[in-house]
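Down below is the structure, laid out as structure tokens.
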Amino acid sequence: FRRVLFRSADSAAVVDGLAAAFGAAGVEPLPVLVECDTGARRCGVATPEAAARLAERIAQARGLVLGGLMTYPPAGGEAAVQRFMTEAKRLIEARGLTVPVITSGGTPSMMHAAEAPVVSEYRPGTYVYNDRSLVARGVCGWDDCALTVLTTVVSVPAADRAIVDAGSKTLTSDLLGLSGYGHVLGRDDLVLDQLSEEHGRLVSTGPIRLAVGDRLRIVPNHACVVTNMVDTVQLVGAGRPAAQAWPVAARGRIT
């Protein structure tokens with residue numbers, strides 16, 4: 001097994017910067033993917049023609065090698081990925097270059113990946129855990145959500161309100177178009193409507209039916225950002241903590 005390090009670029013400035021860093025004698029060439037915007041309107045070149053021009057610049061740069069094409073499309077964007085990548089590949093190959101990898105991704109559309117057969121690699125991420133945003137999209141159910149935040153009720157100041165010890169430092173502020181900051185398993189009547197750094201507020205239209213010390217499991221809106229906030233993930237089997245805990249290797253690695 002040999003790990004290959006890839007980088008992506010969507011501009012000449014990025015390509016030139018990578019070439020300056022990896023162009024020294026004796027350094028193994030760095031594979032660079034051309035990042036393409038196939039509808040998400042985030043990073044990426046806007047047209048297949050621009051992708052081909054940038055691919056040629058990568059191939060000609062000292063210390064770099066063309067690794068292929070990449071995109072992160074919006075959910076349901078397979079047709080656009082197929083059109084864009086097919087044309088970009090054709091234009092690049094017309095320049096005498098090869099396209100080793102065409103990589104796409106996204107958990108919500110993972111089951112439709114075959115609708116873009118030009119893609120040779122698919123990068124689903126959230127599916128490892130699933131989360132509230134994916135339940136809202138209808139691609140999984142609560143029983144499919146592997147990541148939950150275990151929290152404790154620390155205050156019940158009113159008949160319809162309770163406070164838990166999970167706030168924005170744990171659940172994060174990601175909404176992803178949803179109302180509220182997570183789903184309390186087994187209590188569809190509760191809404192997690194406010195977060196401070198250390199606390200979350202639960203409200204209900206009826207009696208809250210909680211007491212100080214009660215423990216609740218919350219499915220976060222977005223599993224990815226929650227995982228990064230903790231040092232370890234505690235494994236649970238048959239409703240009980242297992243002996244094993246997994247370290248979160250990416251903890252504190254944001255640069």
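The values are calculated or read from the model by the stated rules, or taken from the named source; none is laboratory data. All figures in this text were calculated on a predicted structure; none of them were measured in a lab. So basically every Cβ, Gly included, is an ideal-geometry build from the backbone, and we count neighbours across all protein chains shown. Calculation scope for accessible area: heavy atoms of the full protein, side chains included, ligands and nucleic acids excluded. Shrake-Rupley method; radii C 1.70, N 1.55, O 1.52, S 1.80 Å.
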Open item on the list: For region 199-239 and region 30-51, what is the centre-to-centre distance using only Cα atoms, to the nearest Å?
Closed with: 38
TODO: Sort the chain into rounded, prolate or oblate with this rule: let a ≥ b ≥ c be the square roots of the eigenvalues of the Cα gyration tensor; rounded if a/c is under 1.5, and if a/c is not under 1.5, prolate when a/b is larger than b/c, oblate otherwise.
DONE: prolate
TODO: Only Cα pairs under 8 Å and at least 6 apart count here; give the relative contact order of region 18-72 as a rounded whole percent.
DONE: 47
TODO: Mind giving me the nanometre distance, one decimal, between the label points for ASP214 and TRP246, set 7 Å out from Cα along Cα→Cβ?
DONE: 3.1
Task: Per residue, in Å², the accessible surface of region 38-109 once ligands and nucleic acids are set aside, probe 1.4 Å - done: 46
TODO: Go through region 138-144 residue by residue and turn each phi into a ³J(HN,Hα) via Karplus (6.51, -1.76, 1.60, θ = phi - 60°); whole Hz please, and just put x for glycine and proline.
DONE: x, 9, 7, x, 4, 5, 8
Open item on the list: Run the numbers for ARG83 and ARG123: contour at 0.36 nm per residue of separation, minus the present Cα-Cα distance, in nm.
Closed with: 12.5 nm
Task: Rounded, prolate or oblate (a/c below 1.5 giving rounded, otherwise prolate when a/b exceeds b/c) for region 198-255 by Cα gyration tensor - done: oblate
Open item on the list: Please give the charge dipole size of region 53-142, origin at the Cα centre, charges +1 on K and R Cβ atoms and -1 on D and E Cβ atoms. Round to the nearest 20 debye.
Closed with: 280
TODO: Heavy atoms only, probe 1.4 Å: what % of the accessible area of region 141-241 goes to carbon and sulfur, would you let me know?
DONE: 51
Task: Gained length - THR152 relative to ARG187, 0.36 nm times residue gap less alpha-carbon distance - done: 11.2 nm
